[in-house]
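Every number here is computed from the coordinates shown, using simple stated rules; none is lab data. Quick caveat: nothing in here was measured; it's all calculated off a predicted structure. We place every Cβ from the backbone using ideal geometry, glycine too, and count neighbours over all the protein chains shown.
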Amino acid sequence: MAHKRVQDVLAYACLLNLFTFYSFYLPGMLLTEFSKSLPSSMVFSMSSFLIGFIARPIGSYYLGVMADRQSRIKGLKVSVILLGLASCLVCLVPDSEHWTYYVLRVVQGFALGGVYPILSVIIYESSPKESRGLYTGLFQTSVPAGYLFAIAVTIVSKLVIGDKQFFDYGWRVAFIYSILIFPIWWLLDRIIKQSDVDQELKGRPKTGEWTESEKKCVVFALLLATAIGSLAITGVNLKGFFLKSLLRLDSLTANHIIAYSTIFYAPAYALWGSLADRVGPLKVSLVALFAGVVFLFPLFKSFELVTGVGMITPFSGQWFLLFLISIGISLIATACFGPFVLLICRFMHPEHRCTLYGLAYNLSTGMVGGTAYLVSFLIYEHFDSIYGGIFYVIGVAVIAGTCAYLYLQKNKLHFQELK
């Protein structure tokens, strides 16, 4: 593929993914807002957020199989249509606790389970072989960009219409931006059809069978993804929940800190991806996994120590400390999962890439990430501890990471190409 076309695919894929994650993570922003002002809505917000995460692995399997067995283009098309319609229809739900919101969250989660992994594989297969880590890393910057956009919309909406109006109807209006998914996808679809995406699938018999080596890779990939994905979720999601809902930091201050730190750490995806091109994705992920297990609790503990000193004024010494801690947490998170698509695609047959990467990514970040909020809330409610969610994700990382390492040692011959 011509270099210009690769850049075009990357640019439009990033825009599409930005609005994809904006639509999906906006309820996460609402969760942290509702939990402070509307206690009766806390369990609802958390359960509706969780149900979207649970639907993601299911969507990743069905839509991933479609992308692998038929074409990347068809799998992406179905995923985008489902996601765009579900996100836009949120604007029409009667209220924030109506059953239709749950249904739309399920559809959102199901569709996102296809959009992100299919786009990731498209970027991998479209990029120059020697720079695939860099390109997939650049693509992943659109994930925090989507979260950043959700923060910006929340902040601006509350400033323009006020808190009460935002909680009454403004949160629904925020979903209207999801309509931009459709024109962006249409432009991307035109570019992809002119490229050599799906080239590796053409001419291959679609048996759907997994070799013994691939089966072993699946077990290892799911174990490792669970370990690093549990830590990666802290860098984008759990951090905001911890600051606003558990430490009770002023919402505007917390959003500003997260937004500014997101701008600084987002390029780290490309940094870790480029490093993975040179030293291998497995080494980068394993080092990040170890760093997360060792340093995440001290970093979150530092959040508590700094916020406990009194009122945090913008750009004060305490503000900058929180800003630096936020960057530190996210640097670990990006190093954990940043190179993972490169790891999967390097050793997996093209006929199984979207399926395996989608399952690995969504089972780890989805199931662990989605339940981390609930675990945090329940432990805080029953034991008055704000660190339940942190110990939960670290515990999952230790157990799954140890199992992945032992499995790797037991089956070394099957994983030589990973190194």
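Observations
- The string of couplings for segment 290-301 from the Karplus curve (6.51, -1.76, 1.60, θ = phi - 60°) is 5, 4, x, 4, 7, 9, 5, 4, x, 5, 5, 5 Hz, one whole number per residue in order, with x for Gly and Pro.
- For the peptides 372-384, 82-94, residues were scored by their other Cβ atoms within 10 Å and the scores averaged per peptide; the highest-first order is 82-94, 372-384.
- Length gained when the stretch residue 100-residue 70 is fully extended (0.36 nm per residue, less Cα-Cα span): 7.6 nm
- Rounded, prolate or oblate (a/c below 1.5 giving rounded, otherwise prolate when a/b exceeds b/c) for segment 317-372 by Cα gyration tensor: oblate
- Student exercise, segment 239-393 dipole from Lys, Arg, Asp, Glu Cβ charges, in Debye to nearest 20: 320 debye
- Simple spin-label estimate for residue 315 and residue 406 in nanometres, 7 Å along Cα-Cβ: 5.3 nm
- Between residue 209 and residue 290, full extension at 0.36 nm per residue minus the direct alpha carbon distance yields a gain of 25.7 nm.
- Taking a Cβ cut-off of under 15 Å around residue 312, the surrounding Lys, Arg, Asp and Glu residues balance to a net charge of 0, with basic ones at +1 and acidic ones at -1.
- Here segment 130-169 is scanned for amide nitrogen atoms under 18 Å from the site 7 Å beyond the Cα of residue 278 along Cα-to-Cβ, giving 130-138.
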